[in-house]
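Structure, as structure tokens:
Bear in mind that the values in this text are calculations on the coordinates, not laboratory data. Note that this is a predicted model, so its numbers are computed, not measured. Note: ideal-geometry Cβ built from the backbone for every residue, glycine included; neighbour counts use all protein chains shown.
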Amino acid sequence: MKHSTILAAVIALAATPALAQTELSIATGGTGGVYYPMGGGLAEIINNKVDGYSATVEVTGASVANMGLIATGDADLALALADTVLQAYTGTGRFEGQQLPMVRGLASMYANMVQIVTLADSGVNSLSDLRGRRVSVGAPGSGTEVNAAAILEANGITYDDISEQRLNFNETADALANGDIDVGFWSVGAPTSSILNLATTRSIRMIALTDEEIAAAQSVDATFARTNLAGGIYEGVPEDVPSLGIPNVLVVSSEMDDDLAYAIVKAMFDNIADLQAVHPAANETTVEFTLGATPVPLHPGAIRYFEEIGVTVPDHLRP
């Protein structure tokens, strides 16, 4: 081939536009929680390992808001608490009359822990002490608010008994530090940055739930699991604190292409160390946890991956 012909071919190749990347949106939560860094880690895996796609992370109001974003197609993937996901799928609770049957799971990522925080000198020592207090129950449309309401109501405390504030994680920590509220609820992986930062500037106390309070909450929400916040995670909290845990689920719409769902699940599990490097909560992101904790049917693309690696998918997780 003549030199001029080769040069023309090279110029033509250079002028050819790169293949367009299809943008995917991942709905997470506030920057003070775990959803945001976990979503960022997943986006990086998609960007590096799923050909033809790029992903961006969206700051949102978290679980309840995220289910709406999946339903409207304004997000392609979302993180949400298992109880919120189940309510959306069945049209119950916060989603009464607004059933979202298109919701499908890709994986269960890690368990949230309900963390009820007050300052050490607040005089609040138990759940019953919340009556008459200023309490942040979580951002509007968040899984934290769903969890807080369930725990309070199961134990005979309504919003009429407290002065409720709907603040996100960072706002709750700031309000506690400034004395604007007495108690804050977090439903998030532990440790979380907003509580870590609060504990470095103020002496905090974690409110432990009694056996009876835990059992009451489980009686109204089967997705609650008894757990312990390990002592020493936060400064000033040396002992284990009995609490409740709720799985977090990575969800998509049933409309997602099967090949894409398969590629995302495969990329995530094949490169799980990359996600673990972003946040230790990803140490819980396993196939076993997914099969045991996901409350809605899995997407067919996810099922294909799990069967490919030799895992038996239970019938109740099949669409």
Completion exercise
For D51, placing the label point 7 angstrom along Cα-to-beta-carbon and taking segment 255-276, residues whose amide nitrogen sits under 19 Å are 257-271
Completion exercise
Around I45 (Cβ within 11 Å, Cβ-to-Cβ, excluding I45; K/R +1, D/E -1) the net charge comes to -1
Practice task
Let me know the shape class of segment 249-300, please: from the alpha-carbon gyration tensor, a ≥ b ≥ c as square roots of the eigenvalues, rounded when a/c is under 1.5, otherwise prolate if a/b is greater than b/c, or oblate.
Solution key: oblate
Fill in the blank from the handout: Per the rule of 0.36 nm per residue minus the C-alpha distance, extending N197 to T72 adds in nm 41.4 nm
Completion exercise
Share (percent) of C-alpha pair distances in segment 115-246 greater than 24 Å works out to 19 percent
Exercise for the section: Assign unit charges at the C-beta atoms only (+1 for Lys and Arg, -1 for Asp and Glu), then state the dipole size of segment 90-247 relative to its Cα centre in Debye, rounded to the nearest 20. Expected result: 400 debye
Exercise for the section: Would you mind getting me the FRET efficiency between Q99 and A120? Use the beta-carbon distance for r and R0 = 35 Å, nearest 0.05. Expected result: 0.20
Handout entry: Whole-number percent relative contact order across segment 134-180, with pairs defined as alpha carbons under 8 Å at least 6 apart
Key = 52 percent
Completion exercise
FRET efficiency (R226, A20; Cβ distance; R0 45 Å; to 0.05) is 0.40
Completion exercise
If amide H atoms are modeled at 1.01 Å from N in the peptide plane, then the residues at a separation of 5 or more from A75, or on another chain, having amide H under 5 Å from its own are I70
Completion exercise
Once the mean of 1/r over all distinct C-alpha pairs in the chain is inverted, the Kirkwood radius in Å reads 20.6 Å
Exercise for the section: With label points built 7 Å along Cα→Cβ from the Cα atoms of A277 and R131, find their separation and express it in nm. Expected result: 5.3 nm
Handout entry: Residue among Q99, Q21, Q218 with the largest mean-square fluctuation in a Gaussian network model of the chain, springs linking Cα atoms under 10 Å
Key = Q21
Practice task
Could you work out the local net charge near A302, counting Lys and Arg as +1, Asp and Glu as -1, over the other residues with Cβ closer than 13 Å to its Cβ?
Solution key: -1
